[in-house]
Structure formats: C-alpha cells, structure tokens
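A short write-up of the structure that comes next.
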Amino acid sequence: MKIVTCRAPVNIAVIKYWGKRNEKLILPVNSSLSATLHLDQLCTKTTVAASSAFQADRIWLNGKEQSLDNPRLQKCLREIRQRARKRKSSPSKDAGLPVGGGGSAPEEMLDWHVHICSENNFPTAAGLASSAAGYACLVASLAKVYGVEGNISDIARQGSGSACRSMYGGFVQWLMGRKKDGEDSIAKQVVSEDYWPKIRILILVVSDQKKATSSTTGMQATVQTSPLLKYRADVIVPERMVAMATAIKERNFETFAELTMKDSNQFHAVCLDTHPPISYMNDTSRTIVRLVHAYNAFYNQTKAAYTFDAGPNAVLFTLEDDVEELLSLITHFFPQGEETNGASFIRGLPVDIKTPSQELKAAVTFDPLPNSLRYIIHTQVGPGPETVEDQSQHLLDQDGQPKNLPK
Ligand code: DP6
C-alpha cells in the first residue's frame with residue numbers, strides 16, 4: 001500500500017472569481033487573485049492510500065463515507081491518473097512543484113484503487129471556502145501518491161475553480177487563460193508567504209448557516225443575466241489584476257486595501273445585478289463595512305479592508321501594528337453573546353484586547369450589537385499544501401480504513 005497525507009490551505013480572493021466561460025472545464029470569465037490563509041488556523045487534511053487489495057475507489061469526508069459519483073471528484077482522479085500515465089511514457093521533469101516530489105509510482109499502481117479520507121480543522125458549514133482547501137488537498141495528496149509533479153493547479157481547478165489558488169502559498173493569481181482546453185488557466189504565485197509578513201487577517205464568522213445559493217449556481221445565473229458582469233470581466237478586472245499585483249509587490253497596504261474593498265463590493269454588485277438578484281451579505285455584514293470605513297475615516301488613512309465571499313462572513317485585512325486596536329474596536333461593537341459553549345470567541349494568533357479610546361468609539365455611529373458574531377479567527381498569510389511526514393497523522397490505518405469514524 002502506498003499512503004500519503006497532506007494539509008492544504010483555504011484562500012480568500014481579493015480580486016474575485018465569479019462566472020465561468022466554460023462550465024465543464026471550469027474556465028473563468030476573468031482572472032482572480034487571493035491570499036492563502038495559514039494552515040495553522042484553517043486547513044484540510046487528506047490521506048490517500050492506493051493498494052492492489054482495494055476493491056473500489058472510496059472516499060470519507062469529515063467522518064462520513066460519500067459517493068464517488070461526483071463528476072468533479074471523478075475528473076480530478078482521472079486527470080491525475082492520466083498525468084501519471086503520461087509521465088511513465090515520457091518521464092521528463094517539470095518545474096514549479098508545489099508539494100514536493102513523491103517519486104514515480106510503480107507501473108501497476110495505475111490500476112489500483114484508492115481510499116481517500118479528508119477532514120477540516122474548522123466547521124465545514126461556516127462558509128469558509130472548504131471546497132477550495134478540500135480539492136487542493138485531494139489533488140496535492142493524489143499527485144504525491146502517483147508521483148505527479150509540476151503545476152497541477154489546473155487539476156485542482158476542475159474540482160472547484162477557487163481551489164487552484166490554494167495550490168500555492170502567499171499571494172496567488174489564477175490566470176484565466178485563453179486556450180479552449182483550459183491548459184493555460186492555471187494558478188501562479190505572485191509573492192511567497194514570507195514576502196509581506198506584517199499582513200494580518202481577521203475572519204469574522206457571522207453565521208454558521210449553509211449558504212442559500214451555492215457559488216456554482218449563483219455565478220451561472222450572473223453569467224446568464226447580468227450586463228454588468230461583462231464590463232467587470234472585460235474592463236475592470238484586467239486593470240485591477242495589474243494594480244493589485246503591483247500593490248502587493250510594493251507592500252503598499254493602502255492601495256491593496258482600497259482595491260480589495262472595491263472588488264468585494266463590485267462582486268456583490270454583480271450578484272445584485274443578477275436576475276432574480278442574489279444577496280449574500282446580511283445586516284451584520286453591512287454593519288462591519290460601516291465600522292471599517294469609520295475606522296479608516298477616523299485616521300484619514302486606509303488601515304483596514306474587508307472582503308466578503310458568497311456568504312455573510314467578513315474577512316478583514318490589516319497590518320500587525322493595528323490588529324490589536326482593530327480587534328478591540330470590533331469586539332467592542334460586536335461583543336460576544338451569552339452562548340459560547342465553552343469555545344473561545346477569538347481564536348488563532350494571540351492578541352491583547354483593550355478598550356478603544358473614547359474618540360475612536362465616538363467615530364463609530366451605531367450601538368454595540370451583541371450576539372452578531374459567532375467567533376473571530378485571527379490568522380496570517382501562509383504556505384501552500386504540505387506533506388505531513390509523521391506517519392501517526394495518517395487518517396487511514398494500515399488496512400486503508402478510516403481511523404476516526406464516529407461510533
Ligand atoms: C465568491 O470556486 O466555489 O469565493 O468553481 O463553481 O466550484 P466553483 O466555484 P467556487 O467559487 C468561489 C467564488 C468566490 C470568489 C473567489 O473565491 O474568487
């Protein structure tokens with residue numbers, strides 16, 4: 001039996017992907033750019049085992065066996081096996097390996113079945129991009145098992161578009177590509193996770209509810225009905241991609257933050273321009289927007305930025321020197337509710353919470369809203385997928401059966 005365990009990160013887009021030009025191959029209408037979030041706070045862990053003894057391909061997600069009768073999953077499996085087969089016939093080495101080489105797979109392995117077991121270290125239903133980390137981890141682990149190297153972000157893309165960006169650490173762009181077969185629609189690193197160490201990220205979990213409209217269905221409706229989307233994809237995003245990459249390379253926080261907020265707002269604008277309209281943000285989300293703008297206006301400087309995906313949770317960016325004050329302000333206006341079930345309200349990297357100054361509090365013109373946030377995760381930009389070397393960490397036992405199934 002060959003067995004590999006990998007961990008892969010969640011990413012949050014600062015230039016959003018919304019809309020496909022090819023549904024089957026998952027090819028986007030515009031390029032996008034994201035920050036990879038640190039594995040220590042949010043990650044998916046996946047073990048893949050291949051053995052001649054297995055009767056069928058099987059998969060367990062968060063403790064439950066799932067059907068493999070899922071075209072996106074099948075596509076990822078098929079593509080990895082195909083690439084492994086190709087490598088057998090022409091074993092030339094590619095560059096740009098994201099997870100490290102696993103060595104070539106023995107010939108007969110291509111006919112073996114696989115067992116896949118995957119778990120998130122964060123609540124799946126919290127709307128925290130679990131499919132991106134999930135598919136990135138699946139593809140990274142499969143690649144390692146089969147000894148497939150090079151840029152495999154195009155395979156992760158076919159699981160879930162945004163997953164291709166989780167194949168690298170730091171800041172990552174997904175280039176939309178022009179080719180019909182999608183060969184050039186791949187993710188590339190803009191800068192590594194060490195490039196801008198002062199960036200801090202706060203995830204404000206507004207709701208644990210599953211989203212009403214999935215990204216896949218939502219973006220389909222937008223492509224079909226929104227005249228604004230075409231303008232965004234043809235005119236706005238190409239310019240923004242260049243400006244965003246430059247702001248990141250220059251570590252220019254104000255420009256980075258302004259572009260991030262504008263792009264989040266434009267993404268939600270095209271959702272509203274969809275017919276019938278789609279709205280992902282709720283009252284709490286909109287109040288967070290007000291708080292961030294009040295904070296920036298108080299200092300007459302852009303010290304914080306927000307971005308929202310297809311759900312009400314906010315992701316805020318700020319710099320290390322301001323995180324304590326920003327978080328103190330957030331917890332003052334969105335204090336913890338009564339029901340905590342013993343779990344901490346602020347999770348992740350440690351921060352001291354202090355009472356914000358009277359002047360700063362006065363700059364925010366709404367009353368505190370207890371119980372609006374479930375919890376906050378404090379994290380930073382992190383690395384791409386990693387192989388877990390410690391054998392005891394495998395999620396499958398020596399027979400290829402899940403170790404942690406609920407009794
Ligand atoms: C709003 O990657 O989940 O998070 O490709 O259909 O699986 P599919 O969609 P998905 O969409 C992500 C949309 C987004 C923006 C982004 O991450 O760029």
Query raised in the report: Extension gain Phe366-Glu65, at 0.36 nm per residue separation less the Cα-Cα distance, in nm?
Result: 103.7 nm
Report summary line: Computed, not fitted: 222 nm per-residue ellipticity of the chain from DSSP H runs ≥ 4 (each -39500 (n - 2.57)), nearest 500, equal to -10000 deg cm²/dmol
Query raised in the report: Using 7 Å Cα-to-Cβ label points, what is the Met1/Phe54 separation (nm, one decimal)?
Result: 1.0
Query raised in the report: Does anyone have the angle between helix 215-225 and the longest principal axis of the chain? Alpha-carbon axes, 0 to 90°, nearest 10?
Result: 70
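Measure up Lys24/Lys144; Lys64/Lys198; Lys45/Lys262; Lys16/Lys75 against 28 Å on the Cα-Cα distance and list the ones that go over.
As for pairs spanning more than 28 Å Cα to Cα, those are Lys64/Lys198; Lys45/Lys262.
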Report task. Can you grab the distance from the C-alpha centre of segment 1-54 to the C-alpha centre of segment 220-264, Å, no decimals? Result -> 22
Query raised in the report: Around Ala187, what is the net charge, scoring Lys/Arg as +1 and Asp/Glu as -1 over all other residues with Cβ under 12 Å from its Cβ?
Result: +1
Query raised in the report: Mean separation of Cα pairs under 8 Å and 6+ residues apart, divided by the residue count of the chain: what relative contact order is that in percent?
Result: 23
Query - Most to least packed among 392-402, 263-273, 78-88 [average Cβ atoms within 10 Å] - result: 263-273, 78-88, 392-402
Query raised in the report: What's the angle, to the nearest 10 degrees (0 to 90), between helix 237-249's Cα axis and the longest principal axis of the chain?
Result: 80
Query raised in the report: Can you give the charge dipole size of segment 199-380 about its Cα centre, rounded to the nearest 20 debye, using +1 on the beta carbon of Lys and Arg and -1 on the beta carbon of Asp and Glu?
Result: 420
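When you count, for each residue, the other Cβ atoms within 10 Å and take the mean per peptide, how do 1-14, 315-328, 373-386 rank with the highest first?
Put in order of decreasing packing, that is 1-14, 373-386, 315-328.
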**Report entry** Between segment 173-200 and segment 284-311, the Cα center-to-center distance that results, in Å
**Finding:** 26
Query raised in the report: Under 5 Å between amide H atoms, partner at least 5 residues away or on a different chain: which partners does Tyr375 have, H built in plane at 1.01 Å?
Result: Val205
Query - Tilt relative to the chain, helix 320-333 - C-alpha long axis, 0 to 90 degrees, to 10 - result: 70
Query raised in the report: Rounded if a/c is under 1.5, else prolate if a/b beats b/c, else oblate: with a ≥ b ≥ c from the C-alpha gyration tensor eigenvalues square-rooted, which is segment 199-380?
Result: oblate
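Give the accessible surface of the chain per residue, rounded to a whole number of Å², with probe radius 1.4 Å and ligands, DNA and RNA excluded.
So the chain comes to 43 Å² accessible per residue, rounded to a whole number.
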**Report entry** Added length on full extension, which subtracts the Cα-Cα distance from 0.36 nm per residue, Glu324 to Ser192
**Finding:** 45.0 nm
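The values are calculated or read from the model by the stated rules, or taken from the named source; none is laboratory data. Since the model is a prediction, treat every value here as computed from it, not as a measurement. Heads up, the Cβs are rebuilt from the backbone with ideal geometry, glycines too, and the neighbour counts pull from every protein chain shown. For the accessible areas, the whole protein counts, side chains as well, though only heavy atoms, and no ligand, DNA or RNA atoms are used. Shrake-Rupley method; radii C 1.70, N 1.55, O 1.52, S 1.80 Å.
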